[in-house]
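The values are calculated or read from the model by the stated rules, or taken from the named source; none is laboratory data. Being a predicted model, the structure only gives us computed values, none of them experimental. Note that we place each Cβ from the backbone using ideal geometry, even for glycine, and neighbour counts take in every protein chain shown. We work out accessible area using only protein heavy atoms, side chains counted, and drop any ligands, DNA or RNA first. Shrake-Rupley method; radii C 1.70, N 1.55, O 1.52, S 1.80 Å.
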Amino acid sequence: MSFLTRTRSLARASWPWLRIPFWICTGLFFGFLLPYTLVLNKRVQDRFNDLVFAVPTRVYARPLDLASGVSMTPAALELELTFAGYSSDGRGQVPGSWAKNGSAYVISSRGYAGPDGGELPKRIRVTLSKGQVVSVADMASGKPIQDAHLDPARIATVYGAQQEDRRIVQLADVPPLLIAGLQAVEDRDFKHHIGIDFTAIARAAFADLRAGHTVQGASTLTQQLVRNLFLSRDQNFTRKFNEALMSVLLEMHYSKTRILEAYINQVFLGQQGSQAVHGFAAASEFYFGRRLEDLRPQEVAMLVGLVKGPSLYDPRRFPDRALSRRNLVLQQFADTGLLTSAQAQAAQGTPLGIVNNGQLPHDRFPAFMQLVRAQITNDFDEDTLRQGNLSIFTTLDPAAQLYAEQAVDNTIKSMGKRGDTVQAAGVVTDVQTGSVLAVIGSKFPGDQGFNRALDARRPIGSTIKPFVYLVALTQPDRWNLSTPLDDSPIEMRQPDGTAWTPQNDDNQSHGMVPMVDALAHSWNLATIHLGLAVGVPRIKAFLESFGLSGVNPSPSLLIGAIDLAPVQVAQLYQYLAADGHALPLLAVSGVVDGNGRTIKRYEVQGGKGEYQPQVRLITWAMQQVALYGTAHSIDDSGLSWLHAAGKTGTSNDRRDSWFAGFTGQHLAVFWMGRDDNKPTNLFGATGALRVWRDLFTKLPTRALAEAPGDGLEMAWINPSDGKRTDPQCEGARQLPILAGSLPQDSEGCFWQRVGNLFGGDQNAPAPASTAPIRN
């Protein structure tokens, strides 16, 4: 009792001195600290309860199809793997890696979820031979695999206002070494403290005093998370007080598991330009090109080491500094028992393994992305895309795109100074599906400016001619490929009263010429005579059936007086390349949400096709263009095995150079010209065709069938009258015709000679050797 009595007496004696501080403190607590704490508490709870991380919309190329018979070369496969962020480690054991052994490749895929359902990760062996895949086998079982797909490369990112790159992961999907290692290095008492670690503060203060400067931090993971979510980087008392108080409040309301999961998804780990990398999952892809769960100990250590200073230890800018930091973290892993000494030493002896192309592609292929946006704009507005967490799967073929860019660059450089003013554009598609595989909008890769492939409408010249001939061939009773066409001079009065006197490129006329030669040598006069006989309105209507508007109704249309963009020319030629199927060009295959659920698929259903026999006749005739006509340099340059079909085009005064050609797998259309529309002095054969040849020198593809297709038959024809004759007759040519379109009876060599005696020579076709080869 004496103790209590003394205590009361002391309190009564001290009260006059303590009364004012007590009421001041009480007033501060109830008047400021308590309301302030309640405000901060509400802010913490509101923000954390509704925590939605900014996840950008990612845009991907098409998954790489690997199956027996698929066209593929070692160079193209390695290009695809590198572009997709795969690394060559000599073994191909870790997901996202590959190894080469002779003609075989061991690839550890990462798997993906796509609109086609996607695939699980697997380790496969792919064997190549003679420009194609000959086998695919599962490495685990050794059994053949019918079809495998590699996860696609990311080609663009649609960011929200915060410009953050992030992948959300659940704590259960995070490697245990990362969880334990992060705590061992950054916050060893994470499981026990209340948000702030007084022991760590004391330890850091003592270390700083002994060193005379700041050498050790004391922030807990909770404090770091609060700093990232709620506060600025200002170094002042108010910010530090708020950080400590909010950390305690956060620990009061939420479990350690939820706090740690939020930290792993939020922590800042790098920067590329204006795009910030947040979270370990995004950093794993950014630095190593692999998923978080596939990382090795040394890679986990590198990411944990980056927490201290992503800029200071940037492994791309400061590899030596990053290596030292990583090895220090590995040693801490060993000191805390997370790794054995042997494991740590082995990991310390490995290189950093940072991928060279682990960038955050904001818009790597802007010309292609413009086409993507145009396609999906009816289903997803810009706000929806920027809200993010979508995966857009496109049809882009990285090898086709990169090889096309290289082909344009090589051709421009080969022109010397003349190439300085020349621009280029192109479109590459899949002939079977209409999928757009590559878009070139400028001679400068990645140019964000004017997209010539979609928006530059220029006269297409002789590129129009196959469609004039196609319309004629729909009347087999009047025309076939052997029908003699008149290549004599033409003079027509135009609506304004002036005379229109078109010429051939060589300024000569060639008399009567077989239709196939008129197309192969691109003779204007023969084409105009044919088009006038067919009827310009019919040809105009046929072109308008492809969605073209404002088609020129005058006869000049017959030799290319129509302005089209390369993508429109590609749409026209897709009809020919697809064997008479009018397939719309598609750049997107599907859209997947953040949960891996397909929310939109884009598919094309091909019909029965129209005028297929006639399309096959035109295709065969266009193969002659590449054999002995204006595009004969294709065969001359070692690409004869492709049996390619194509057509050159040159506009007036050689302002525009065009070439459109296809193989059994790919269609490619290229344009070259000047933005100021001045002459380039390039023919179709000396400009755009060179780009096409350069592309198909590298791009794996299938040859086009050399023999005519179904519905056709080969017949020996007398070119002077277009009738059947015997093979041994003078001038007889074997050409494809519609089956049953000509009588089976042959006029024979005797009657052919008789016809020639009575004027048949006047209609004899000009020798093929006199043809110009420039257009």
From the C-alpha gyration tensor of the range 331-399, square roots of 5λ in Å: 44, 16, 9
Restraint check, LYS443/LYS600; LYS191/LYS308; LYS443/LYS647; LYS100/LYS143, Cα-Cα greater than 25 Å: LYS443/LYS600
Cross-link reach list, aspartates and glutamates versus LYS122, counting only Cα pairs under 20 Å and skipping chain neighbours closer than eight places: ASP65, GLU78, GLU80, ASP89, ASP138, ASP147, ASP151, ASP173, GLU285, GLU293, ASP294
Where labels lie 7 Å past Cα in the beta-carbon direction, separation of GLN605 and LEU352 in nm: 5.4 nm
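Could you list the trypsin sites (Lys or Arg not before Pro) in the range 101-175 that lie in coil according to DSSP, counting only those with at most 12 other Cβ atoms within 10 Å of their Cβ? Write out the running numbers ahead of the final one.
Working: sites: ARG110, LYS122, ARG123, ARG125, LYS130, ARG154, ARG166, ARG167; in loops: ARG110, LYS122, LYS130, ARG167.
Filter output for the range 101-175: LYS130.
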Label-point gap, in nm, between THR498 and THR257 - each point 7 angstrom along Cα→Cβ: 8.2 nm
Positive minus negative residues near LYS256 (Lys, Arg vs Asp, Glu; Cβ under 13 Å): -2
Between the range 724-750 and the range 493-531, the Cα center-to-center distance that results, in Å: 27 Å
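Using a 1.4 angstrom probe on heavy atoms only, work out the carbon and sulfur share of the accessible area of the range 279-333 in %.
Numbers: 920 of 1870 Å².
Carbon with sulfur: 49 percent of the solvent-accessible area.
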Inter-site label distance for ASP363 and SER554 at 7 Å from Cα along Cβ, in nm: 3.9 nm
Cα gyration tensor category, rounded, prolate or oblate, for the range 387-489 with a/c compared to 1.5: oblate
